[in-house]
Every structure is written in C-alpha cells, then in structure tokens.
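The numbers here are math on the coordinates, done by the rules we state, and not lab data. Being a predicted model, the structure only gives us computed values, none of them experimental. Backbone-built Cβ (ideal geometry, glycine too); neighbour counts: all protein chains shown.
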Amino acid sequence: MEFLDFSSRQRSRSLGTVFPSWKRGESVAFFAPHDDDVPLGAGYLLRAAIRRGGRPVVVIFCRGDAGFSTADAGRTIVAARKREAVQAYGKLGVPEEKLIFLGVPDFTLMSTVSRGRGSKPELFDRLVAFLRRERISRIVTTSPHFENWDHTAAFYHAVYTSSQAGDPVLADLGPPSSVRTILAYSVWSDFGPGPGEASPAADKGILASKEDERTVREALRAFRSQAAIMERTAAVDRRRRRMDDGYLELYRTVEVRRPVDYAKYAALLKTFRRNKD
Ligand SMILES: [Zn+2]
C-alpha cells in the first residue's frame with residue numbers, strides 16, 4: 001500500500017502523506033452517512049489506519065430505510081442492514097463495538113446539521129461530545145459535491161462539529177479536543193473542481209494491492225440487501241480504479257478556518273493608485 005500526494009507528486013509508505021504528522025494510537029472517525037459508504041469510498045484508508053496503529057471508529061448516520069429495491073424489503077431493511085454492516089466492517093477489521101449507529105432516517109440528515117431547539121441533546125451535541133471523548137484527531141467523510149443530500153450533510157457535520165470540538169465552548173460536552181485533518185472521499189461522483197486549473201480535484205490518494213481491493217469487495221458483498229443497487233453503479237466504478245501498479249482511492253483535504261493571507265493583500269495594496277476625488 002502506497003500513499004500519494006498529487007500536489008507535490010510524491011508517493012511513500014508513510015500514512016503521514018495523507019494524515020500529516022501521524023502518530024500510532026491516534027483515533028480516526030470515519031463518517032458514513034449510509035452504512036456502505038466507507039467501504040465504497042474509503043475502504044483502503046480504513047485498512048491503512050488500522051495497519052499504521054490507528055484506532056478507527058465508524059459513525060453510521062442514517063438507518064438505511066430508503067435502500068430497498070422491492071416493496072416487500074421495506075419492512076425488514078433497517079434490521080437487515082445493521083446485521084450486514086456488522087459483517088462488512090468485521091471483514092475490514094473493525095469490531096462491532098467500534099460502530100456507532102445514529103439511526104437518522106434516510107434523506108433527513110441535513111435537518112440535523114443545525115443544533116435543534118429541543119431540550120434533549122441533538123445530534124450536533126452528541127457529535128461534539130463524541131469527538132472530544134474519543135480524542136478524534138482525523139475525520140474521513142463523504143464529499144459534499146452533488147452525490148446525495150445525506151453525504152453533503154455528513155460533510156457539514158464533519159466541518160462544523162470538529163471546529164467546535166476544539167474550541168473552549170459547550171464545556172458540558174467535555175474538554176476541547178482538536179481535529180487535525182479532515183479528508184473527503186468520493187462515493188458516487190467526482191469531487192468539486194480543484195483550487196487551480198492545473199490542480200487535480202483530489203490532492204491525496206492511496207494505491208492499494210489486489211489483496212486490499214479483494215478485501216473491500218468482500219466487505220461490500222456483505223451488503224446483500226444492496227446488491228441490486230450496487231450492481232448498476234459501484235461495481236462498475238471499482239474496475240476503473242485499477243492503475244498500472246495497484247488500485248486507486250482518492251481524497252480531498254478539507255481546510256477548515258484557513259487563516260487569511262494578509263501578505264498577499266499588502267503586496268496588492270502597493271500597486272493601488274489613490275483616486276483624487
Ligand atoms: Zn450513501
């Protein structure tokens with residue numbers, strides 16, 4: 001397994017290429033709006049985190065109640081998917097106690113991004129408390145770019161709960177703990193355009209072995225209830241991942257609260273002319 005940086009065009013054996021200054025023992029949260037999203041889009045990274053001494057936790061936001069292809073399956077789909085998810089993540093090396101099922105109905109996740117006004121703790125608070133309690137230092141989440149409304153919502157949860165988790169606010173949710181890296185992965189579609197014309201939309205990646213790809217496909221097969229849906233989409237996509245020397249998975253680094261570069265404006269100001277009137 002090799003780690004790739006498309007900006008500097010370097011490949012290495014160090015997980016630090018995609019998670020800068022990586023240390024063994026770090027906790028990584030994998031956000032899965034739907035149970036199968038992580039194996040579909042970040043299966044290699046999950047395997048890599050385990051191999052490099054990380055402690056992954058998979059947060060499954062939605063309960064999968066829309067993912068059925070025959071009317072009959074609608075009654076049993078939620079329980080079936082939970083069983084399938086436990087099996088699938090087991091194959092990837094994540095035990096059941098490291099799976100968090102939040103049980104949000106499909107296609108409603110965006111309504112939970114706001115904090116809510118009820119007296120019971122809402123999802124926002126639960127996530128901030130979780131990031132602090134588990135000392136999550138990296139989050140891997142879905143891309144927000146025209147994939148699925150729940151995928152966009154999971155992305156915004158990652159961006160806005162992580163920034164608050166590190167701030168000295170909401171003290172009842174535990175002591176602040178900072179997330180150092182957020183990476184977005186693609187499930188169904190390309191990332192949004194890159195920062196410059198010459199820069200690729202994804203800046204990081206993993207080149208995995210045939211064995212890793214086989215393990216991920218095995219995990220995906222555990223989602224038997226999703227077979228009809230996957231057959232038409234993801235299965236085809238996975239063949240396109242094949243490169244000359246491995247299978248490619250891509251990520252986009254999400255920069256939260258990048259400081260303003262005032263020097264750039266200072267240089268520009270020197271070129272200004274002052275209007276006389
Ligand atoms: Zn999904």
Scaled to the compact-protein estimate 2.2 N^0.38 Å, what is the alpha-carbon radius of gyration of the range 99-248, rounded to two decimal places?
-> 1.21
Before anything else, pin down the relative contact order of the range 40-112: Cα pairs under 8 Å, at least 6 apart, normalised by residue count, whole percent.
-> 44
Using a Förster distance of 45 Å, the FRET efficiency for R242-R133 (Cβ separation, nearest 0.05) = 0.65
222 nm mean residue ellipticity, helices alone, for the chain (DSSP H n ≥ 4; -39,500 (n - 2.57); rounded to 500) | -10000 deg cm²/dmol
Could you tell me which of F130, G16, H145 has its Cα farthest along the dipole of the chain towards the positive end, charges placed at Cβ (Lys, Arg +1; Asp, Glu -1), taken about the Cα centre?
-> G16
Beyond 15 Å, what share of the Cα-Cα pairs of the range 2-52 is found? Please give it as a whole percent.
-> 50
In this structure, the FRET efficiency calculated for S69 and R115 from their beta-carbon separation, with R0 = 51 Å, to the nearest 0.05, is 0.90
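Would you calculate the convex hull of the Cα atoms in the chain and tell me its volume per residue in Å³?
185
Any chance you could list the semi-axes, whole Å, largest first, of the equivalent ellipsoid that the Cα gyration tensor gives for the range 1-114, using √(5λ)?
31, 15, 13
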Of P195, P168, P259, which is the most mobile in a GNM of the chain whose springs link Cα atoms less than 10 angstrom apart?
-> P259
Extension length gain for T108 and S8 (0.36 nm per residue less Cα distance), in nm, is 32.1 nm
Relative contact order for the chain using alpha-carbon pairs under 8 Å, separation at least 6, rounded to a whole percent?
-> 23
